[in-house]
Amino acid sequence: MTLDAGHTTRVEFDYSGGERLTMNMGPQHPSAHGVFRAILTLEGETVVGVDAVIGYLHRCHEKLSETLTYAQYPSIASKTDYVAAMTSEFAYVMAAEAIGKIEVPKRAQYLRVIAAELQRIASHLLWLGTWCMDMGGALGGGATIFLYAIRERETILDLFESLVGARLLYGFYQVGGTRYDIPAGWADACRKTIDVIDQRIGEYEGLLEDNPFFQARAKDVGVITRELAEDVGIAGPLLRGSGVNFDLRRSAPYSSYEDFSFTVPVETGGDCFARYRVRMVEFRESIKIIRQGLDKLPDGPISSRPGLKSVAQIRIPKGEAYARVEGPRGEVGCYLIADGSAKPYRMKWRGASFSNLAVLPHIIPGHKVADVVAIMGSVDPVFGEVDR
Amino acid sequence: MGLRVPGAHPRVEIKPPVPTIPAPIWRNIKDLQEWEQLHQKRPEGDKHSAAFESLTDGIHSFPGGFVVTTVADAFLNWARKSSVWPVTFGLACCAIEMMATFASRFDVERLGMVPWASPRHSDLMVVSGTVTIKMAPMLERIYDQMPDPKWAVSMGSCANSGGPFRHGYHVVKGVDRVIPVDVYVPGCPPPPESLLNGLLLLQDQIAHFRRTGRRAAPNPKVD
Amino acid sequence: MTHEQAKTLIGERFGSAEVAPVSAEATGKGLVVTVPAADWQSFARFAKDTLGCRFFSFSTAVDWKEQGLEVVAKVDNLDSGLALMMKTKLGPGVSECPSLVPVYRGADWMERECYDMFGIRFDGHPDLRRILLADDWVGHPLLKSYAVDTPHPPYR
């Protein structure tokens, strides 16, 4: 294109989309969700294509599980969904118990439920904090909810530390029951903690719900239709936010969940705001379940197997089972094939975040770049589960 | 966007080059021994520039000149250690503990550490989580983008040595096979208290940082 | 759609399928159906349209050493609680299988992972390339012939 001097040319700008930009949202980016690479194809500010590259945290869980015994693996299992480590171990241990037809005592089942629900609250607090930080900016207003939510989460992690000894990754679940019992005074501390959290959730809702900026960033963003949700296989708050009334704790109850009364929140919007509403109601329902669990906690042993003296003590006979758990992100499943020895023959993790993330290439095109961050936050992936 | 100039082509298509990631340089390296020798040499930016060297020589030629540079060193090191900006580089579970360290209860901002997303503006890389073979070139690229002087803290057993996943086929057995590390923080994951301990040890190291071309030895008081 | 109804329907349509009911507590009530590889896609379509299993849970593979590979997929009917595990045995030495992507969109990433880990090529998959490992990785790790600590230079 040449412009001659002394010759006026009229230049018209044309945004007919003839130019596409490939932008990399690389494995290191401040959205704080982990190592995820999205190669975005942009037309202007609108995303027209997403190529999701994962695998930056592939830690060979499935191959390693064939070399580790049933006693050794649960604490490694907690590193798949590391934000909700209790529910990660739950699936593996349940699968081994299903094949070996190992009974779990009632007290252990209730302890498992209490731990899993406390973990759900802690995980949702982290989700809320990081999602709001993504949308608001780390040095701007976004850090407000993040710092408040982490303050609440630390109180729950204190409870876990007094129960198990670790803050984030536990080895609490064991084939046959749980590894530790609750110490004296733990039940009262737990009740006090969840009372405080119950009240503070109300404060967060008050900060966010009627906030026009929050609504502008979350309403009608990232709509997942019901048909797409079922076809791709997403689960958890994403599925319930799209109108499907499905919760494993209600539809296929495990570990005495049928003894507890709670409601399953379902929203029909399918957008980020609906998923946010589902998770906020799940906070309250988990608090209800914990209160019921602590009130009705039966006495008895915490494990049906004797204490471990050697790592190869637990042998599971030949068989296979698929055990699934309703984690904070959806259906966490463990497909286990046992061959009679102390180590599994094959173990497959059905990671909730792997299936949840697969929906991104279907819903992101059409949104702006800023919405990508909001959608990713509301999908809430944890890359230990995605890459295993 | 196309500029339509009447009389010229109806649309000028500007195609940006499709970014290609260059092949990792280890393809040119014969074996691991050569790779480790490459990494044992310190980055050149640790040494001061020729201009600065001639300036300090000039100062030292005056009586009492050494006192000036020592006090200046101490002042600069104090400024450097009190404002270490880590690049947000969370990989796995340790990242959650790192976030907890940066958050309400264990606040590191009181130590002057502001987590900063851009590596070009940061001093410290806290490698928190397992380094996989797919991620290692990205990690090296981010580390290369950080300006000198820079430090690296290896957080957690996965970054120290591969951790519980050491025997996996896709896991790098420790981030010190990729970048030079100053402080190793053990744990799986290390609780925020441990990470704070590691960061304070790093601040002690920085206090002894001298622009003489060699990194300081670990704090001799810690044994 | 109860399990008995499903079993009857499957027996009518796919006579050569072996159906085994499972009633272990962890898996819930479910059916495990083994079909020959040629019927893989048509059985999936039957499960989605007739049995109402519209939820695609996962799809994976198992390496049975001398007996060859086996591809497993699980689909659910969320309304009635029917959990259907479909299996197909590819013979020894065979690593091709029809793809489920035309039927369930969720099979996309799951089958890419099976290809990545086992080397199974899915016919009809729109974009079969490695998903978890780098594109130039050599070998398929979850095969029993691949050692867990296979070194990868230079990160030996």
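Taken together, the values in this text are just the output of simple stated rules run on the coordinates, not laboratory data. Just so it is clear, the structure is predicted and the values come from calculations on it, not from any experiment. Glycine also receives a Cβ, built like all others from the backbone with ideal geometry; neighbour counts cover every protein chain displayed.
Some notes on this structure:
- Gyration tensor verdict on the stretch A:112-241 (Cα atoms; rounded if a/c is under 1.5, prolate if a/b is larger than b/c, oblate otherwise): oblate
- Peptide-level mean, for B:89-102, of C-beta atoms on other protein chains within 10 Å: 6
- Signed unit charges on C-beta, dipole axis of the protein assembly as shown, positive-most listed residue B:LEU91, C:ALA47, A:GLY202: B:LEU91
- Dipole moment magnitude, nearest 20 debye, the stretch A:58-387 about Cα centre, only Lys, Arg, Asp, Glu C-beta charged: 880
- Shown is the FRET efficiency for B:LEU200 and B:ILE59, computed with R0 = 25 Å from the Cβ-Cβ distance and rounded to the nearest 0.05: 0.20.
- Separation of the C:ARG129 and A:GLU227 label points, Cα + 7 Å toward Cβ, nm: 3.0
- Between A:THR41, A:TYR92, A:ALA189, the Cα set farthest toward the positive side of the dipole of chain A (charges on each charged residue's Cβ, about the Cα centre) is that of A:TYR92.
- Cα-projected label distance for B:HIS167 with A:ASN24, points at 7 Å along beta-carbon direction, nm: 3.5
- The ranking of B:VAL68, A:VAL264 from fewest to most other beta carbons within 10 Å of each one's beta carbon is B:VAL68, A:VAL264.
- Sequence of B:VAL67, B:VAL181, C:VAL75 once ranked by neighbouring C-beta atoms within 10 Å, starting from the fewest: B:VAL67, B:VAL181, C:VAL75
- Neighbour-limited loop hits for trypsin sites (Lys or Arg not before Pro), the stretch A:279-370 (at most 12 other Cβ within 10 Å; DSSP other than H, G, I, E, B): A:LYS296, A:LYS309, A:LYS318
- Take each residue of peptide A:322-331, count the partner chain Cβ atoms within 10 Å of its Cβ, and average: the result is 3.
- Sorted largest first, the principal axis extents computed over the alpha-carbon atoms of chain A equal 95, 46, 35 Å.
- For A:TYR345, net neighbour charge (Lys/Arg +1, Asp/Glu -1) across residues whose Cβ lies under 13 Å away: +2
- Top positive-direction residue, dipole computed over the stretch A:263-364 with Cβ charges, set A:PRO361, A:ALA338, A:VAL281: A:ALA338
- For residues of C:57-63, the mean tally of beta carbons on other chains within 10 Å: 6
- Sites listed here are GluC sites (Glu not before Pro) in the stretch A:135-226 whose DSSP assignment is loop and whose Cβ has at most 16 other Cβ atoms within 10 Å: A:GLU209.
- Summed residue charge, Cβ within 14 Å of B:ARG120's Cβ, Lys/Arg positive, Asp/Glu negative: -1
- Applying a DSSP loop filter and a limit of 15 other Cβ atoms within 10 Å to the trypsin sites (Lys or Arg not before Pro) in the stretch A:87-147 leaves A:LYS101.
- Relative contact order %, chain A, counting alpha carbon pairs below 8 Å whose residues are six or more apart: 26
- FRET efficiency for the pair A:GLN215 and A:THR268, taken as 1/(1 + (r/R0)^6) with r the Cβ-Cβ distance and R0 = 22 Å, rounds to 0.80.
- Estimated distance in nm for a label pair at A:ASN245 and C:THR34, the labels positioned 7 Å out from Cα along Cα-to-Cβ: 3.9
- Net charge of neighbours whose Cβ lies under 10 Å from the Cβ of A:PHE262, counting Lys and Arg as +1 and Asp and Glu as -1: 0
- The angle between the Cα long axis of helix A:106-136 and the longest principal axis of the Cα atoms of chain A comes to about 20 degrees, rounded to the nearest 10.
- Each of B:MET125, B:MET98 was scored by other Cβ atoms within 10 Å of its Cβ. Arranged with the fewest first, they read B:MET125, B:MET98.
- With the convex hull constructed from alpha-carbon coordinates only, the protein assembly as shown shows a mean projected area of 40.7 nm² over all directions.
- If the chain linking C:ARG121 and C:TRP64 were pulled fully straight, counting 0.36 nm for each residue of separation and taking away their Cα-Cα distance, it would gain 18.8 nm.
- Efficiency of FRET between A:ASP51 and A:LEU147 - r from beta-carbon atoms, R0 41 angstrom, step 0.05: 0.75
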